[in-house]
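Colleague: Quick one: the structure is below, and I'll ask about it shortly.
Read-outs throughout are calculated quantities, based only on the coordinates presented, and are distinct from any laboratory measurement. Just so you know, these numbers come straight off a predicted model, no measurement behind them. So basically every Cβ, Gly included, is an ideal-geometry build from the backbone, and we count neighbours across all protein chains shown.
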Amino acid sequence: MNNGSMNPKWIKPAGLLSLLLVPALMLSACGNAGTEAAANGQNVQAVTTNETVDQLYTQAKQEGKVVVYSTSGRANDAAETFMKKYPGVKVEVSKVKSDEMMDKVTNEQDAGQFNPDVIITKEVSGAVGKEMVEQGRYLKYLPDDIAPKVDEPYRTKAPGYANYAEFRTIFYNTDYYKKTPVTNWWDLTTPEFKNKVYVADPLSSPAFMDLFTTMVIHSDDMAAAYKQKFGKDIQLNGTENAGYEFIRQLFANGLTVLKGSDDVLDAIGKTASGAVGIAVSGDVSKVEENGWDVKPIYDIQPKTSVADSGYLYIANKAPHQAAGKLFIRWMMGEQDGKGEGLAAFNEVGSWVPRSDVKTKNPVGFEQLNLWDYDADTLYMTSPKVRDFWIQQK
């Protein structure tokens with residue numbers, strides 16, 4: 001597992017797509033990564049944030065293009081409108097999974113190859129912040145004229161600006177249920193939902209695992225929700241806390257693990273069914289296209305979920321930095337939030353964390369009942385929760 005440089009790594013266990021963090025290497029790796037970056041000449045750039053659009057466009061035309069590594073296909077939609085708005089600047093988008101992007105950028109930069117200008121990524125259980133942002137590989141860029149309109153934590157508290165946020169929540173079949181069947185996560189452990197709960201495999205998706213890890217981190221909340229549901233204190237059955245106990249009871253109640261979020265919604269949404277599924281809020285935008293009779297639940301006790309944010313970064317030593325900044329501004333919706341580049345991100349099931357952008361969802365971002373994303377604790381805790389999950393299977 002050690003690659004010789006003691007950098008923290010994610011490895012793919014046999015038969016799994018997800019990555020396992022090696023905690024034994026963490027502490028020494030955090031110090032070595034920064035030293036190694038400096039040794040390779042990766043002096044972190046200071047990203048200026050006060051340029052005007054005209055200034056950036058003038059420089060971007062000289063650069064000629066912007067290279068984007070993105071986890072989301074939404075970047076392609078934004079690229080099309082960007083190239084119409086700013087002729088002379090070509091956008092090249094490569095779609096890469098967040099964890100694979102970390103490895104790709106790290107290997108490239110360590111070899112002295114600085115290829116991407118813009119990084120669009122989700123978190124990987126805190127590893128993006130710890131291994132890429134803190135080490136100066138991904139750089140936060142939030143223009144001065146847009147920053148005052150950005151909601152927290154993305155303005156000053158998060159490692160980067162997130163152009164959209166979604167989360168994992170419970171969906172139900174609207175043909176079968178005439179009202180919301182679940183109000184408390186512990187409902188899923190009751191006889192009513194025996195063999196009727198589906199989830200996308202957290203071993204293949206860090207964001208799904210982040211939900212369960214966050215329940216472990218906030219075990220006091222889960223214990224309080226248990227008492228609210230059952231009227232008595234929780235009794236642990238060989239587990240460490242109420243978060244782990246929830247996972248144990250979920251499996252004991254016949255949890256079905258499927259490959260992905262679409263598979264979950266196919267299982268519960270194609271025909272009238274009393275089953276419920278844990279899936280991605282953003283999949284609401286695909287309901288009509290896929291023929292799903294489903295609806296998400298946006299208020300669950302003790303908390304509905306934890307945000308899964310789509311971050312925008314400038315890559316360290318971006319070869320076309322002005323073009324990269326211009327493209328990020330475009331995706332942000334420009335100063336007034338009305339720029340066409342934001343349209344691909346402001347969809348049903350996703351939230352744009354800007355006070356001047358109207359959501360397409362029934363509730364605003366600030367009204368969502370979400371846990372804070374605790375990247376540092378997730379980074380340290382996720383491997384243990386992942387191992388516990390595997391034991392339940």
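Colleague: Give me the base-10 log of I(q)/I(0) for segment 67-157 at each q in 0.22 Å⁻¹, Debye formula, one uniform scatterer per Cα, rounded to two decimals.
Modeller: Each listed q maps to, in turn, -1.24.
Colleague: Determine the gain in length on full extension of the stretch LYS360-LYS178; use 0.36 nm per residue of separation and subtract their C-alpha separation, reporting nm with one decimal.
Modeller: 63.2 nm is the gain from fully extending LYS360 to LYS178.
Colleague: According to a simple spin-label model (label point 7 Å from Cα along Cα-to-Cβ), what is the distance in nm between GLU134 and PHE114?
Modeller: 2.3
Colleague: Ordered by packing density, taken as the mean number of other Cβ atoms within 10 Å over each peptide's residues, highest first, how do 113-123, 357-367 rank?
Modeller: 113-123, 357-367
Colleague: So if R0 is 35 Å, what FRET efficiency would ASN237 and ALA272 give, r being the distance between their Cβ atoms, rounded to the nearest 0.05?
Modeller: Working from the Cβ atoms, E equals 0.50.
Colleague: While we're on this one: Place +1 on the Cβ of every Lys and Arg and -1 on the Cβ of every Asp and Glu in the chain, take the dipole about the Cα centre, and give the residue among THR52, LEU370, ALA207 whose Cα lies farthest towards its positive end.
Modeller: ALA207
Colleague: What is the ratio of the Cα radius of gyration of segment 145-215 to 2.2 N^0.38 Å, where N is its residue count, to two decimals?
Modeller: Expressed relative to 2.2 N^0.38 Å, the Cα Rg reads 1.54.
Colleague: Let me ask another. Gain in length, THR48 to VAL348, computed as 0.36 nm per residue apart minus the alpha-carbon separation, to one decimal in nm?
Modeller: 104.7 nm
Colleague: Relative to the Cα centre, what is the charge dipole magnitude of segment 290-393, using +1 at the beta carbon of each Lys and Arg, -1 at the beta carbon of each Asp and Glu, and rounding to the nearest 20 debye?
Modeller: The dipole of segment 290-393 has a size of about 260 debye.
Colleague: Starting from the Cα-Cα distance between ASP144 and THR256, subtract it from 0.36 nm times their residue separation and give me the gain in nm to one decimal.
Modeller: 35.6 nm
Colleague: Please arrange MET222, MET83 by how many other C-beta atoms lie within 10 Å of their C-beta, fewest to most.
Modeller: The most exposed by this proxy come first: MET83, MET222.
Colleague: Here's another thing I want to ask about it. Taking the Cα centre of the chain as origin, work out the dipole magnitude from +1 charges on Lys and Arg Cβ and -1 charges on Asp and Glu Cβ, in debye rounded to 20.
Modeller: 380
Colleague: Moving to a separate point now. Once the dipole of segment 264-393 is set up with Lys and Arg at +1 and Asp and Glu at -1 on Cβ about the Cα centre, which of LEU342, VAL280, LEU326 lies farthest towards its positive end?
Modeller: With unit charges placed on the Cβ atoms, the residue in question is LEU326.
Colleague: Give the angle, between 0 and 90 degrees and rounded to the nearest 10, that separates the Cα long axis of helix 98-110 from the longest principal axis of the Cα atoms of the chain.
Modeller: The angle comes out at about 30 degrees.
Colleague: Here's a follow-up. Quickly rank 174-185, 267-278 as a protection proxy: mean count of other C-beta atoms within 10 Å, highest first.
Modeller: 267-278, 174-185
Colleague: Which entries in LYS130/LYS157; LYS95/LYS157; LYS149/LYS358 show an alpha-carbon gap greater than 22 Å?
Modeller: Check vs 22 Å cut-off fails for LYS95/LYS157.
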